[in-house]
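Student: Below are the structure tokens for one structure; questions will follow.
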Amino acid sequence: MDYDYLIVGSGLFGSVFAREMTDKGYKCLVIEKRNHIGGNVYTYNEEGINVHKYGAHIFHTSNEEVWKYINKYAKFNRFTNSPIANYNGELYNLPFNMNTFHEMWNIKTPQEAISIIEKQKEEAGITNPKNLEEQAISLVGRDIYEKLIKGYTEKQWGKKCTELPAFIIKRLPVRLTYDNNYFNDLYQGIPMGGYTQIIEKLLDGIEVKLNTDFFTNKDKWENIADKILFTGMIDQYYDYCYGELEYRGLRFETETLDIDNYQGNAVINYTDAETPFTRIIEHKHFEGADSPKTIITHEYPQNWEKGMEAYYPVNNDKNNKLFEKYQKLAKNENNLIFGGRLGMYKYYNMDQIIEEALKLVESEIKN
Ligand code: FAD
Ligand code: UDP
């Protein structure tokens, strides 16, 4: 065999694994079907602005080891994500906090907020939330659910909130303080200069073949290395033998505008059901880029179909059960490992991806 590891996918998972294993003396080859490295964290510079090609990427973690790890590859700024929600022209602060409650109900104290939320939860008769709708109402009440959650979530996932798992909404903090920080993590920031430099450094000195889809020459790639790390879709690897897992697609529309400030914030969410996009990102605000122009991206959720990029796994019970069947096949493999958001079919953030990749390195070197 020419290589110890063939790594399919140059996203964050594949790149961390490739770096670590190379540093431990293993010979790695990375193949990537896109025309660039980095997967969904890829950024490029235009007009002096680092553009997050695949949507806003804000690094946040409470894992000390992961924070130290990523800081070896870039200097981070102290960006705090504070998106604004636009509901039919009404603006609200996110995540759900005293600013939101003041804007929604014109109240001022945490006690007032608690009593409104409790009343709305009681009126809805929810004791043990079983889906995203019930979870949302029990966390923030019906008004906020109707204006800031229902429309956005149903656009984002293409399903009714009653058909979605509760955990999705628990990603967002609910706070009884006037604090618009979208994340509770200890560390948060944007790598100054963008994410691509991180991937470039991770892959430094490692052979990478772009525009190379594993499936167009499966036989060749299966016989080139002792082991394969596959970070693409696990159901595709097994030729959908148990049926298709569900994914959510996205379409990004990016444009350069001849003004220096379009919306005054990095992220504005459009939470009504009618606006077809979920959010507008204004890239320069992530790093405070000094440019006379600005670049914005509208993010449109899409039904996923074969051949499209799969951006989100849809981790409801039905899909998780199907994934378990594929996972059983994967467990019987000796020379094949699945990793990353698509290989592990989990709604992982970047920090969790690094954590999982480092765990895999540990288990590989033990074997
Ligand atoms: P990917 O980035 O998907 O990489 C997989 C790579 O494998 C891709 O480059 C793909 O082209 C390649 N590949 C797949 N199949 C094949 C094949 N057959 N042959 C060759 N190559 C193949 N996380 C955060 O922490 N903070 C955020 O703010 C954040 N925002 C996000 C916003 C959006 C819109 C999305 C979609 C994700 C966001 N994430 C965020 C999550 C983050 O993008 C992921 O955690 C991370 O990129 C996953 O890395 P990965 O390597 O597993 O997957
Ligand atoms: N969400 C919402 N309204 C918002 C923002 C988020 O209802 O204004 C819900 C929605 O269901 C979304 C989930 O919270 O899928 C998680 O949001 P997050 O910002 O973490 O989504 P991501 O950036 O991963 O797409």
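Student: With point charges of +1 on the Cβ of Lys and Arg and -1 on the Cβ of Asp and Glu, referenced to the Cα centre of region 132-223, which listed residue (GLN156, LEU176, GLY141) lies farthest in the positive direction of the dipole?
Tutor: GLY141
Student: What FRET efficiency do you get for ASN211 and LYS68 if R0 is 35 Å and r is their Cβ-Cβ distance, rounded to the nearest 0.05?
Tutor: So the FRET efficiency works out to roughly 0.55.
Student: Now, a different point. Classify region 187-296 from the C-alpha gyration tensor, please: rounded if a/c falls under 1.5, else prolate or oblate depending on whether a/b exceeds b/c.
Tutor: In terms of gyration-tensor shape, oblate.
Student: In addition: What order do you get for 51-60, 355-364 when each peptide is scored by the mean count of other beta carbon atoms within 10 Å, highest first?
Tutor: 51-60, 355-364
Student: Then there is this: Whole number in Å², please: accessible area per residue of region 1-46, 1.4 Å probe, ligands, DNA and RNA not counted.
Tutor: Averaged over the residues of region 1-46, the accessible area is 35 Å².
Student: Now a separate question. How many percent of DSSP beta bridges within the chain run antiparallel, rounded to 5?
Tutor: Among the beta bridges of the chain, antiparallel pairing accounts for roughly 60 percent.
Student: In addition: Where in region 46-61 does the label zone of LEU91 land, with the point 7 angstrom along Cα→C-beta and an amide N cut-off under 14 Å?
Tutor: Nothing falls inside the zone, counting backbone N under 14 Å.
Student: For ARG78 and LYS366, calculate 0.36 nm times their separation in residues minus their Cα-Cα distance, and state this gained length in nm to one decimal.
Tutor: That pair, ARG78 and LYS366, stretches by 100.0 nm at full extension.
Student: Hey, quick one: spin label on ASN334, modelled 7 Å out along Cα-Cβ, who in region 225-255 has an amide N within reach, i.e. under 19 Å?
Tutor: 225-230, by backbone N distance to the label point.
Student: Quick check on packing: order 95-105, 220-230 by the mean number of other C-beta atoms within 10 Å, highest mean leading.
Tutor: Taking the mean over residues of other Cβ atoms within 10 Å, the ranking is 95-105, 220-230.
Student: When a/c is below 1.5 the answer is rounded, else prolate if a/b is larger than b/c, else oblate, so apply that to region 277-367 with a ≥ b ≥ c taken from the square roots of the Cα gyration tensor eigenvalues.
Tutor: Oblate is the answer for region 277-367, as a/c is 1.5 or above yet b/c matches or exceeds a/b.
Student: Quantify, in whole percent, the carbon and sulfur part of the accessible surface of region 262-352 (1.4 Å probe; protein heavy atoms only).
Tutor: Answer for region 262-352 is 43 percent, counting heavy atoms of protein chains only.
Student: Let me ask something additional. Can you compute 3J(HN,Hα) from phi for each residue in region 89-105, using the Karplus curve 6.51 cos²θ - 1.76 cosθ + 1.60 with θ = phi - 60°, rounded to whole Hz and x for Gly and Pro?
Tutor: Working through the residues one at a time gives x, 7, 9, 9, 7, 10, x, 6, 8, 4, 4, 4, 5, 5, 5, 7, 10 Hz.
Student: Counting only protein heavy atoms and using a 1.4 Å probe, what share of the accessible area of region 104-260 belongs to carbon plus sulfur, as a whole percent?
Tutor: Here carbon and sulfur together make up 46 percent of the probe-accessible area.
Student: With θ set to phi - 60° and the Karplus curve 6.51 cos²θ - 1.76 cosθ + 1.60, what are the ³J(HN,Hα) couplings of region 324-329 in order, to the nearest whole Hz, using x for Gly and Pro?
Tutor: 4, 5, 5, 4, 4, 4
Student: Next question. Can you compute 3J(HN,Hα) from phi for each residue in region 285-299, using the Karplus curve 6.51 cos²θ - 1.76 cosθ + 1.60 with θ = phi - 60°, rounded to whole Hz and x for Gly and Pro?
Tutor: Along region 285-299, the couplings run 6, 5, 10, x, 4, 9, 9, x, 10, 9, 10, 10, 10, 8, 10 Hz.
Student: Nothing charged except the Cβ atoms of Lys and Arg (+1) and of Asp and Glu (-1): what's the magnitude of the dipole of region 263-328 about its Cα centre? Round to the nearest 20 debye.
Tutor: So the dipole magnitude of region 263-328 works out to roughly 380 debye.
Student: Under unit Cβ charges (Lys, Arg +1; Asp, Glu -1), what dipole magnitude, rounded to 20 debye, does the chain have relative to its Cα centre?
Tutor: With only Lys, Arg, Asp and Glu charged at Cβ, the dipole is about 600 debye.
Student: Compute the label zone of ASP258 within region 294-322: residues whose backbone N is under 17 Å from the point 7 Å along Cα-to-Cβ.
Tutor: Under cut-off, by backbone N: 294-296.
Student: Can I ask one more? Are there trypsin sites (Lys or Arg not before Pro) in region 14-45 that DSSP marks as loop and that have at most 14 other Cβ atoms within 10 Å, and which are they?
Tutor: On the way: sites: ARG19, LYS24, LYS27, LYS33, ARG34; in loops: LYS24, LYS27, LYS33, ARG34.
Those that pass, being in a loop and sparsely packed, are LYS24.
Student: Follow-up question, since we're still on this one. May I ask which residue of ASN315, ILE84, THR275 lies farthest towards the positive end of the charge dipole of the chain, with charges of +1 (Lys, Arg) and -1 (Asp, Glu) on Cβ and the Cα centre as origin?
Tutor: Comparing the listed Cα positions along the dipole, ASN315 ranks first.
Student: Connecting C-alpha atoms closer than 10 Å in a GNM of the chain, tell me which of LEU94, LEU12, LEU336 has the biggest fluctuation.
Tutor: Greatest mean-square fluctuation among the candidates belongs to LEU336.
Student: Can you give the accessible area per residue of region 152-271, in Å², using a 1.4 Å probe?
Tutor: Here the residues of region 152-271 average 47 Å² of exposed surface.
The values are calculated or read from the model by the stated rules, or taken from the named source; none is laboratory data. Please read all numbers here as calculations on a predicted model, not as lab measurements. Positions of Cβ are generated from backbone atoms using ideal geometry, with glycine treated the same way; all protein chains shown enter the neighbour counts. Just so you know, the surface numbers come from the protein's heavy atoms only, side chains and all, with ligands and any DNA or RNA stripped out. Shrake-Rupley method; radii C 1.70, N 1.55, O 1.52, S 1.80 Å.
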